[in-house]
Amino acid sequence: MLKDHEIPRYHSRRGAERAVDDADRIWEIIGKAKYVTLAMVTPEGEPYCVPISHGYDREKNCLYFHTGFSGKKIDALKANPRVCAFVLDDEGYVKGRCHHEYHSVICYGKITEIEGREDKLAALKTMYYCLEDSPSEAEAAMQMRKLDEMPLTNVNMLRMDIDGFSGKKSSHR
């Protein structure tokens, strides 16, 4: 696995002063979001993006997604597993200035389907811990769903291994 300092940062020369390339801040932005916009290319070569809830694992440099086994997104990912995921920390419109405050991150990487019950379970648990408001709420939700007892054969989990990212902040900070 790549360590934080080994993950390439992508940002344009234009607006370099707006770049967010501190790994702690990047992961904070990713962790704050409850969903990302996942962008991909369909088998026909058309761009396609969807909002999708996610979990993240900083140690493994990856994002996790829960999805169906078929559909446009799965067809696109099978044809080309290279994707980018857009994360927005929207801090709101500034009235009277035609300006928006934000931090954003684009993660670049490759999607793989997670196989095996234990790996799926670990990914799902990561998502619960990321999406619920607290670890105790995540535990309660997993117990209520009896997650540890589920066979997970009807659950499709995807992992996006991040090989680069780009962070940016609004210009009027």
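Against the numbered list (1) assigned to a strand (DSSP E or B); (2) at pLDDT below 90, Trp27 comes up short only at (1). Applying a threshold of 8 Å to beta carbon distances and a minimum spacing of six or more residues, or different chains, the list of pairs starting in region 76-93 at a residue that is in contact (Cβ under 8 Å) with a residue 24 or more places away in the chain and ending at one that is basic (Lys, Arg) and not in a strand (DSSP E or B) reads Asp89/Lys32. Residue count for region 43-69 under the criterion of being out of contact with any Asp or Glu (no Cβ under 7 Å at 6 or more places or on another chain) and either among the hydrophobic types (A, V, I, L, M, F, W, C) or loosely packed, with under 14 Cβ neighbours inside 10 Å (or both): the result is 13. Please find, within region 88-132, the residue that is farthest from Pro51 (Cα to Cα) out of those that are acidic (Asp, Glu) and assigned to a strand (DSSP E or B). The qualifying residue farthest from Pro51 (Cα to Cα) is Glu101. Consider region 70-109 and keep the residues that are of a type in the set (A, V, I, L, M, F, W, C) and farther than 24 Å from Asp21 by Cα. The one that is surrounded by the fewest Cβ atoms within 10 Å (Cβ to Cβ) is Cys98.
The values are calculated or read from the model by the stated rules, or taken from the named source; none is laboratory data. No experiment lies behind these values; they were computed from the predicted model shown. Note that each Cβ is placed from the backbone with ideal geometry, even for glycine, and that neighbours are counted across all protein chains shown.
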